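Worksheet: one structure, shown below.
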Amino acid sequence: MIIREASATDIPDIVDVHIQAFQGFLMTRLGKNFLKTYYEVALSYDNVLAFVACNENNKPVGFVVGYYDPRSFYSYFSTKKKRIAWSMAGALLRNPFLLPRVLASKTQADTSSRDEDYSQGVVELASVAVIPEAGGKGTGKKLLQNFIEKSIEKKANAIFLTTDLVGNDATLKFYEKNRFTPRRDFITPTNRKMRQYELTLKKVNMEP
């Protein structure tokens, strides 16, 4: 398994991995066109941290994406709102019941763009995913380790991430096993129970 930094040419494979790993999730339900646009915007951000895990044929079977200085990322993302809106228009016309969840996600992004905890010196881990066939081989852990090392290289103080609290035990255990500690639990406007995790990188640097 080879872990390398992701590039724009990896986006079709990243989209395919996302769809396989996050079946039924909002971003997946918004369709391939939306996912392609989202990851194009994400990888064009100056301070993106993105890696892919590739098989022996150099085909990505997993990825991790996040952002240094997430407040700046969300501000940057908002400048692409028309492009993002067009990319999800078809899915929303077919499934208008998704609109409240999209609006709630936008509200959360707007809140994050003003969050003092998400200022410079902090990294947000947005997504880590591995296709089912590559699961159970430590691929996710290797991706996460590269992400952490890159965050330290950027002299970040901490990594934050948010994930579902209910029906997500394997993911919660994965992050806790990799030294992330629960920071707070909250409920979104659409009644989704979430947990925010934090990894203090100064502590990581002190550990063997």
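In table form, for the structure just shown:
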{"read-out": "Lone qualifier among V52, V41 - being within 15 Å of S127 (Cα to Cα), under 16 Å from the mean Cα position of the chain (by Cα) and surrounded by fewer than 20 Cβ atoms within 10 Å (Cβ to Cβ)", "value": "V41"}
{"read-out": "From the options S87, S75, residue that is touching a residue at least 12 places away in the same chain (Cβ under 8 Å), part of a helix (DSSP H, G or I), surrounded by fewer than 21 Cβ atoms within 10 Å (Cβ to Cβ) and polar (S, T, N, Q)", "value": "S75"}
{"read-out": "Some residue of segment 8-21 being at pLDDT below 95 and in a loop (DSSP other than H, G, I, E, B)", "value": "no"}
{"read-out": "Filtered residues of segment 34-45 (kept if under 20 Å from I148 (Cβ atoms) and not aliphatic (A, V, I, L, M))", "value": "Y45"}
{"read-out": "Given (1) in contact with a helix residue (DSSP H, G or I) (Cβ under 9 Å, 6 or more places away or on another chain); (2) under 22 Å from R192 (Cβ atoms); (3) open to solvent by 40 Å² or more (accessible area, probe 1.4 Å), index of the condition F34 fails", "value": "(3)"}
{"read-out": "Selection count, segment 41-84, where residues are acidic (D, E) and farther than 24 Å from S105 by Cβ", "value": "1"}
{"read-out": "Strands (runs of 3 or more DSSP E) lying entirely in segment 118-208 (those with 1 or more residues that are farther than 20 Å from A42 by Cα)", "value": "158-164, 181-187, 193-200"}
{"read-out": "Test: residue in segment 6-14 that is open to solvent by less than 50 Å² (accessible area, probe 1.4 Å) and without any contact (Cβ under 8 Å) to a residue 12 or more places away in the chain", "value": "no"}
{"read-out": "Matching residues in segment 164-188 - criterion: being more than 17 Å from the chain's Cα centre (by Cα), of a type in the set (V, I, T) and within 15 Å of E198 (Cα to Cα)", "value": "T181"}
{"read-out": "Any chance F63 is open to solvent by 10 Å² or more (accessible area, probe 1.4 Å), within 16 Å of N146 (Cβ to Cβ) and either out of contact with any Phe, Trp or Tyr (no Cβ under 7 Å at 6 or more places or on another chain) or outside any loop (DSSP other than H, G, I, E, B) (or both)", "value": "no"}
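The values are calculated or read from the model by the stated rules, or taken from the named source; none is laboratory data. In this text, all values refer to a predicted model and were calculated from it rather than measured experimentally. Counting neighbours? That spans all protein chains shown, and the Cβs are built from the backbone with ideal geometry, glycine included. Protein only, heavy atoms only, side chains kept; ligands, DNA and RNA dropped before computing areas. Shrake-Rupley method; radii C 1.70, N 1.55, O 1.52, S 1.80 Å.
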